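> Here it is, the structure, as structure tokens.
What follows is calculated from the coordinates using simple rules that are stated; it is not laboratory data. All of these numbers come straight from a predicted model, not from anything done at the bench. For neighbour counting, all protein chains shown are included, and Cβ atoms are generated from backbone atoms with ideal geometry for every residue, glycine included.
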Amino acid sequence: MAELGSKGVTAGKIAINVQKKLTRAQEKVLQKLGKADETKDEQFEQCVQNFNKQLSEGTRLQKDLRTYLASVKAMHEASKKLTECLQEVYEPDWPGRDDTNKIAENNDLLWTDFHQKLVDQALLTMDTYLGQFPDIKSRIAKRGRKLVDYDSARHHFEALQTAKKKDETKIAKAEEELVKAQKVFEEMNVDLQEELPSLWNSRVGFYVNTFQSIAGLEENFHKEMSKLNQNLHDVLLGLDKQYSGNAFPVKAQPSDSTPAKANKSPSPPPDGSPITSPETKTVNHDLEPSTLEAPGASIPKSPSQSSLPAVVVETFPATVNGTVEGGASSERADMPPGFLFKVQAMHDYTATDSDELQLKAGDVVLVIPFENPEEQDEGWLMGVKESDWIQRKELDQCRGVFPENFTERVQ
């Protein structure tokens, strides 16, 4: 019997709640259609707008603060890895080894303390601040429902009073329900009317305290970190002074921005070698017609044998007199026309113009004469990379000029 009674009470409550929902829905439809007036409170509506704005701003601040804390943690891990690397490369017999270990330990503790204080003084305070919003939001929604109940009871009472056939019993009951609905609504309304403005004004002090705490923690953190960095700097300075005589010199690389070739000399190579002109610069590049036995034979432009070293003179018997002579011809048969000698790049050279060769240290270049000797600038040679020539590339496509002082003559 007790169970049946309990089920009956539960069923009764469900029926009452369903009826309330139906009544509220009907009232809202009538209000939207303009068939029933709605109680308005502009001051309260402004308070609700402020509340929603405050909640939105607080939620965003909480999200950004969590992101900031995640970044601090990531920086902590990165800093820890860096100090661990320093400890690994810092050899045991170097001065200041113990100091670097102590600095690394303090560095880790400083990051940990900074993160924890941010959690305690900023994030937890932020969570507490936002913790009050859900309850108030729920009460605002409930007040809205009670306002609809009040309007519905008021309209029902007014309808009974204006009816042609009045039923005093129903009017009395409706009046009783109206008074009850009004009392419930006004109690909730008064409480929220007091709380919402107070909550809205509290945001100023909260924002001030939160950002002051973060700023103060950052200031102290950076001060302490600056001291550790200065200590590390002093330790490394001591190491540098002790081993300064064994410092490894870093050679400068050739500049990529080589000046224009016209009327200028190429930049000196990284080893500081003096700029020298090609040996072919001071000689006549055209052979005298009297040296040719076969008229009309194709003679490449090349320096005369009397003004070149022996290694250059050996490059021409294969073409002189229009015939091929013995062993020399087999050595030069695969060389470009007018081949003079070989050079090897001692440094990288970055071409700055379309007519220049791009060189890597170790590249072998086959030097050939300029088609027009007047175009040759001091300190520049014309050539084709041996690797390009072996691949049977077109001469016009692979030849170019390059600074002589970046190369070394191959004897």
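> Using θ = phi - 60° and the Karplus curve 6.51 cos²θ - 1.76 cosθ + 1.60, what whole-Hz ³J(HN,Hα) does each residue of region 168-175 get, with Gly and Pro shown as x?
3J(HN,Hα) across region 168-175, in whole Hz: 4, 5, 5, 5, 5, 5, 5, 5.
> Which of the pairs K53/K223; K142/K170; K146/K170 have their Cα atoms more than 32 Å apart in this structure? It would help to have the intermediate numbers written out before the result.
Values: K53/K223 37 Å; K142/K170 27 Å; K146/K170 22 Å.
Going by Cα-Cα distance, K53/K223 fall outside the 32 Å limit.
> Roughly how many Å is it from the Cα centre of region 75-146 to that of region 177-216, as a whole number?
32
> Explain nothing, just compute: Karplus ³J(HN,Hα) = 6.51 cos²θ - 1.76 cosθ + 1.60, θ = phi - 60°, for every residue of region 145-151 in order, whole Hz, x for Gly and Pro.
In residue order, the calculated couplings are 5, 5, 5, 5, 4, 5, 4 Hz.
> Please report the net charge: other residues with Cβ closer than 12 Å to the Cβ of L217, K and R +1, D and E -1.
-3
> Moving on to the next point. Each residue of region 125-141 in order: what ³J(HN,Hα) in whole Hz does its phi give by Karplus 6.51 cos²θ - 1.76 cosθ + 1.60, θ = phi - 60°, with x for Gly and Pro?
So the J values, rounded to whole Hz, are 5, 4, 5, 5, 4, 6, x, 7, 6, x, 5, 5, 4, 5, 5, 5, 5.
> T407's amide H: which non-local residues (gap 5+, or another chain) put their own amide H closer than 5 Å, with H modeled 1.01 Å from N in plane and none for Pro or chain starts?
M346
> With a ≥ b ≥ c taken as the square roots of the eigenvalues of the C-alpha gyration tensor of region 44-180, please select rounded if a/c is under 1.5 and otherwise prolate if a/b is larger than b/c or oblate if it is not?
Details: a/c = 8.38, a/b = 6.59, b/c = 1.27.
Here region 44-180 falls in the prolate category.
> A follow-up question, please. Of the listed pairs K21/K164; K137/K180; K40/K137, which have alpha-carbon separations greater than 25 Å here? Don't skip to the end; give the middle numbers.
Numbers: K21/K164 29 Å; K137/K180 23 Å; K40/K137 19 Å.
Flagged as over cut-off: K21/K164.
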